[in-house]
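Readers should treat all values here as calculations from the given coordinates under stated rules, not as data from a laboratory. A quick note: this is a predicted structure, and the numbers were derived from the prediction, not measured. Using ideal geometry, Cβ is built from the backbone for each residue, glycine included, and neighbour counts are taken over all protein chains shown.
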Amino acid sequence: MYTSTVERFMDKNVIPTSLEIGDFLGKEAYNRLSKLETFLHDSYDLIRELKFPFGNNYGWGYKYSHKNKLLCYVFFERGSFTVTITIGKNELKKLYKELDKMIPKTKKLWENRYPCGDGGWIHYRVENDNELMDVQKLVCIKKKPKQR
C-alpha cells in the first residue's frame, strides 16, 4: 500500500475544480503539470479523466490514457504532484537500457518499486524539471510516442 504524508484531495464526495487544483498545486507545480500535459498531448491520442481510484489512499487525480492504454495517474498534492506509473514485463528491456541515463532518484524509485509481476509500480513525486524529464522518459518507455 502507498502511504503519503502530503496533503491531497481526499474527500471522494467533493470533486475538485480546475481552479482548486491549480491553487492547491501552487504556481511551480501547476506549471510542471502543464508541461507534462503538453508533452502527453503532443505525444499521444490523450484521454484525461478526473478520478478517485484505488480506494481511499490516493485521493483525486488525473488518469491519462492513450486510446485504451493507461499511461499514468497524477495525484494532486499541496505544492507538488505524484505520478503513478506501471512498468510491465514487456517494457523492462527498454527501461533497463535507459535507466543508467536517468537521475539517481528515478533509479532508486525503480529499485524500491511496488512489485507487480516482473515489473512494478512507481510513485514519483515530481519536485523539479529533471524529475519531470525522467517521468516523461518513463511514459515513453511504457508507450512509444506517436510519430509527429
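Summary table
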{"read-out": "C-alpha long axis of helix 129-142 to longest principal axis of the chain, angle in °", "value": "60 degrees"}
{"read-out": "Helical mean residue ellipticity (222 nm; -39500 (n - 2.57) per DSSP H run of 4+; nearest 500) of the chain", "value": "-11000 deg cm²/dmol"}
{"read-out": "Stretchable slack from Asn68 to Lys27, in nm (0.36 nm times residue separation minus alpha-carbon distance)", "value": "11.6 nm"}
{"read-out": "Cα-centred dipole magnitude for the chain, charges only on beta-carbon of K, R (+1) and D, E (-1), debye, nearest 20", "value": "700 debye"}
{"read-out": "On Cα atoms only, tilt of 27-43 relative to the major axis of the chain in degrees", "value": "50 degrees"}
{"read-out": "Cα point-scatterer Debye curve for the chain, base-10 log of I(q)/I(0) at q = 0.14, 0.17, 0.21 Å⁻¹", "value": "-0.65, -0.99, -1.52"}
{"read-out": "Tail beyond 19 Å, pair distance distribution of the stretch 59-121 (Cα, percent)", "value": "40 percent"}
